[in-house]
Number of protein chains: 2
Amino acid sequence: MSFNKISETKVFGGLHQRFTHQSTTTQCEMTFAIFLPPQATQQSVPVLYWLSGLTCTDENFMQKAGAFRKAAELGIAIVAPDTSPRGDAVPDDNDNAYDFGLGAGFYLNATQTPWKTHYQMYSYVVDELPDLIEAQFPVTNRKAISGHSMGGHGALTIGLKNQDKYQSISAFSPITNPTECPWGIKALSNYLGNDPALWQKYDACKLLAKHGCQLPILIDQGEADGFLEEQLKPNHLIDVAAQQQLDFELRMQAGYDHSYFFISSFIDDHLAFHAKHL
Amino acid sequence: MSFNKISETKVFGGLHQRFTHQSTTTQCEMTFAIFLPPQATQQSVPVLYWLSGLTCTDENFMQKAGAFRKAAELGIAIVAPDTSPRGDAVPDDNDNAYDFGLGAGFYLNATQTPWKTHYQMYSYVVDELPDLIEAQFPVTNRKAISGHSMGGHGALTIGLKNQDKYQSISAFSPITNPTECPWGIKALSNYLGNDPALWQKYDACKLLAKHGCQLPILIDQGEADGFLEEQLKPNHLIDVAAQQQLDFELRMQAGYDHSYFFISSFIDDHLAFHAKHL
């Protein structure tokens, strides 16, 4: 497995590194970033996987979330993959829309032409990337998963379907019910085809209702988020959660919007939450 | 004095706001950002002015430095101006180089045509902007100044020449001796003309040698900074400081580079340093 290191930067006594590698899952070159806390020079450390939102790359969280101070203190590595396959061979939305295609992989495995060749982000995040990380870096196999918006959808759905692989799940401003919002319906219908029954395995509300969850879940949602009612629908998830016995907390945060300023304000809480379980 | 608010975002219980206003000093529309800590809803708070480096705007520090957690805890506002005048009427480097013209105002008052009409960033930062801030926001007149690279040069030279106006000075990776480095010589000769005697009032080494400093100074410099030897020359400033009785600390930080990852790693120390004096 060969990696190409793009950059390495010291931060909070640890290292921020970016790599490219040829992915067998997405059949293109993928970029990811990793933060290794200072403890990783002495011992293997657990990993938080961070899934970013629409339009993002591996860089947004690493540059804007302000997560490294706390992650260095707690001894947690952070891995941030890209949000879709990339490259000239990878098809994009016909209108280059921000909410489908490049930068909008929705952490699923596409079944429809022309998307299915490269848009296999579910398997990339669940299987190929952790295998690579655990083979090549000083980390344990203890993992948590978190993300923002489309990446919050990714974290919830991946965590719920792989409760044996992760220790804890969190999200900021997640798309909780993609089968019932415009972003989700556009993505699911294009990537998976027009039968809504096939969309349910990528819908956190449906998955939680069907399977429950043995893992602890923490979600933060800003009340001033412009996408709250049309796209994110946290109340749908709260309704499902209320019907089950769960270790589940969804905090509505007054005045906060959808930006990384919001994420930075509460990322320490999420890191501390995951650290308890890692 | 009329401001146009571009955005307002809640962060760490405080507010990040961006404004434009018509500047009488630079004779163009200027953009600045302010962080108001939660305490500012109850009382007036002191202000840290942050001056960014080459190519930056008001946004880089606010998005990448991770400063708001500590600033909110300490009750310090942060104001970040742009790094140059902007707009179609403002002349730029003939080759659109990154190190002169737009994004590269060097915090001086230009005397040469065509620069002198708009490139008056020294007076903008020292006079017009604080007057505006103190008239329009819940702040005291207690001020500190800091910055990065070209902005570290700005913070040092402005602080040294206005020891009655500021309580403390800090810098990350500052251009300490612009009369003796390529970035500085290019900027000073173009903005001020070819007589090096006229450049000295914008050179931190020359100013410190001539005037000394009654204010505390804290500087952090990464040892892995690619600009260290050719452009930044911290040893020149250390040599001058050693000849005086100063409250001066310049910390060489092993392994750190010139990026905001470096700044984020030590910004809490700078905020705590300024808080002691504000």
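A few remarks follow.
- Taking first residues from region B:246-262 that are within 14 Å of chain A (Cβ to nearest Cβ) and partners that are crowded, with 18+ Cβ neighbours inside 10 Å and of a type in the set (Lys, Arg), the Cβ contacts under 8 Å between residues at least 6 apart in sequence or on separate chains come to B:255/A:10; B:256/A:10; B:257/A:10; B:260/B:64; B:261/A:10; B:262/A:10.
- Subset of region A:140-168 that is out of contact with any Ser or Thr (no Cβ under 7 Å at 6 or more places or on another chain) and assigned to a strand (DSSP E or B) - its residue that is farthest from residue A:253 (Cα to Cα): A:141
- Filtered residues of region A:39-75 (kept if in contact with a helix residue (DSSP H, G or I) (Cβ under 6 Å, 6 or more places away or on another chain), part of a loop (DSSP other than H, G, I, E, B) and of a type in the set (Val, Ile, Thr)): none
- Every residue from region A:65-79 that is within 14 Å of chain B (Cβ to nearest Cβ) and crowded, with 19+ Cβ neighbours inside 10 Å: A:65, A:66, A:67, A:68, A:69, A:70, A:71, A:72, A:78
- Residues that are among the aromatic types (Phe, Trp, Tyr) and more than 24 Å from residue A:68 (Cα to Cα) were ranked within region B:22-64; the one that is nearest to the other protein chains (Cβ to nearest Cβ) is B:32.
- Single unsatisfied condition, residue A:29 versus (1) closer than 20 Å to residue A:154 by Cα; (2) surrounded by fewer than 22 Cβ atoms within 10 Å (Cβ to Cβ); (3) touching a Ser or Thr at 6+ places or on another chain (Cβ under 7 Å); (4) not basic (Lys, Arg): (1)
- Number of the condition not met by residue B:96 [criteria: (1) modelled with pLDDT under 95; (2) touching a strand residue (DSSP E or B) at 6+ places or on another chain (Cβ under 9 Å)]: (2)
- Those helices (runs of 4 or more DSSP H) of region A:175-278 in which at least 3 residues are hydroxyl-bearing (Ser, Thr, Tyr), considering only elements entirely within it, cover A:260-277.
- Out of B:184, B:222, B:193, sole residue that is farther than 27 Å from residue B:110 by Cα and either away from every other protein chain (no Cβ under 14 Å) or surrounded by 19 or more Cβ atoms within 10 Å (Cβ to Cβ) (or both): B:222
- Filtering region A:1-21 to residues that are of a type in the set (A, V, I, L, M, F, W, C) and more than 14 Å from every other protein chain (Cβ to nearest Cβ) leaves A:1, A:3, A:19.
- Scanning region B:1-38 for residues that are at pLDDT below 95 and in a loop (DSSP other than H, G, I, E, B) yields B:1, B:2.
The values are calculated or read from the model by the stated rules, or taken from the named source; none is laboratory data. Since the structure is predicted, the reported quantities are computational estimates derived from the model, not experimental observations. Neighbour counts are summed over all protein chains in view; Cβ atoms, including those assigned to glycine, are modelled from backbone coordinates with ideal geometry.
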